[in-house]
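Scroll down for the structure; my scribbles are underneath it.
No value in this document is a laboratory result; all are computed from the given coordinates. Fair warning: this is a prediction, and the values are worked out from it, not measured in the lab. Here the Cβ positions follow ideal geometry from the backbone for every residue, glycine too, while neighbour counts run over all protein chains shown.
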Amino acid sequence: MKLQGYLSQSQRGLNQSIGAMHMQLELMGIAQANINGFDKVGYQRKDGVVSSFAEYLGIHGLSTAIDDKVGRIARTDKPLDFAIGEKGYFQLLTNSGSVELSRDGRFKINEKGELLGLENQKVLTQGGAPVILPFMPEKYEDIRVDDNGRLSIFNPATRKMEYVDTLSVVSADGSTVIEPKIKQGCLEFSNVSMAQEFLELVPVRRNFDANRQLFMMQNNALSKAISQIGNS
């Protein structure tokens, strides 16, 4: 601070405190999203990754990384519920023509015999085509999917299980997962640990409070200096 007919105050300290608080708020937001996703089917935990130059980049130095560990698998006994026992994703064709990856295995069948996701996306085979049953089953229990994703259907005319196609399960980079260990009649819930999320929130909140106190101290000091100059 120096007097040159006016007050010149460096904003570096104040800006750094504000930037740090903004960063901590974003990290708390990531943790809150994980907590909210605890009971969501197929939800994968996100980690906040702070770059080495975050003090200059601010929140632009913050990114997220997906924790791809397998979550909690629960049995539902519904024949069109599927969980992936290994790292990987189902491939779903959206109505816009794009392919999305999902670990949410809550599927259904439409009147055309197509296997669909919750939002009517078409479940894809390893060949990249939608899964289409050759005929509608009498009951969904007539559909079987083995550990490797091979889908078969019971044909009442032949009294045999007939192979239809193989569900596509791929890694994040699009390569085929050879042994996905698909579990029929099960769903995978999130891989979020509530205890871990609350523990990791503690230092984030402490850092926020520390920067808040620092900001208030700097701001009070600046206000006092301005007041004294004004009274002189």
Sum of side-chain charges, LEU118 neighbourhood, beta-carbon under 15 Å (Lys, Arg +1; Asp, Glu -1): 0
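Applying 1/(1 + (r/R0)^6) with R0 = 30 Å to the Cβ-Cβ distance of MET216 and SER52, what FRET efficiency is obtained, to the nearest 0.05?
0.60
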Take ARG159 and THR76, extend 7 Å from each Cα along the Cα→Cβ direction, and tell me the distance between the two endpoints in nm. 3.4
Which distance in Å, rounded to a whole number, links the C-alpha centroids of the range 19-91 and the range 128-197? 25
Amide H of VAL169: which non-local residues (sequence gap of 5 or more, or other chain) have their own amide H closer than 5 Å, using H built in the peptide plane? VAL177
At 222 nm, what value in deg cm²/dmol follows for the chain if DSSP H runs of at least 4 each add -39500 (n - 2.57) and the sum is divided by all its residues, to the nearest 500? -10000 deg cm²/dmol
Could you give the angle, 0 to 90 degrees to the nearest 10, between helix 12-36's Cα long axis and the longest principal axis of the Cα atoms of the chain? 20
Arranged from highest to lowest average of other beta-carbon atoms within 10 Å per residue, in what order do the peptides 160-168, 101-109 appear? 101-109, 160-168
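How much length would be gained if the chain were fully extended between LYS87 and LEU14, taking 0.36 nm per residue of separation minus their Cα-Cα distance, in nm to one decimal?
Working: separation 73, 0.36 × 73 = 26.28 nm, distance 4.45 nm.
Using 0.36 nm per residue and subtracting the Cα-Cα distance, I get 21.8 nm.
From largest to smallest, what semi-axes in whole angstrom does the chain give when each is the square root of 5 times an eigenvalue of its alpha carbon gyration tensor?
Details: eigenvalues 643, 54, 35 Å².
Calculated on Cα positions only, the semi-axes equal 57, 16, 13 Å.
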Selected from ASN220, ASN15, ASN207 as most flexible by GNM, with the chain as the system and alpha-carbon contacts under 10 Å: ASN220
Which FRET efficiency, nearest 0.05, do GLN196 and GLN126 yield, Cβ-Cβ r, R0 30 Å? 0.30
Highest mean packing first, using Cβ neighbours within 10 angstrom, the peptides 22-29, 83-90 sort as 83-90, 22-29
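What is the extension gain from ASN95 to ASP209, computed as 0.36 nm multiplied by their sequence separation minus the C-alpha to C-alpha distance, in nm to one decimal?
On the way: separation 114, 0.36 × 114 = 41.04 nm, distance 4.63 nm.
My answer for the length gained is 36.4 nm.
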Which lysines does LYS160 reach when only Cα atoms under 21 Å apart count, and residues fewer than 8 places away in its own chain are ignored? LYS139
Which pairs, out of LYS40/LYS183; LYS40/LYS122; LYS69/LYS122; LYS69/LYS181, put more than 23 Å between their alpha-carbon atoms? LYS69/LYS122
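Kindly state, to the nearest 0.05, the FRET efficiency for ILE66 paired with GLU114, given R0 = 35 Å and r defined as their beta-carbon distance.
On the way: r = 29 Å, r/R0 = 0.82.
Efficiency, rounded to the nearest 0.05: 0.75.
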What is the projected area of the convex hull of the Cα atoms of the range 79-135, averaged over all directions, in nm²? 4.2
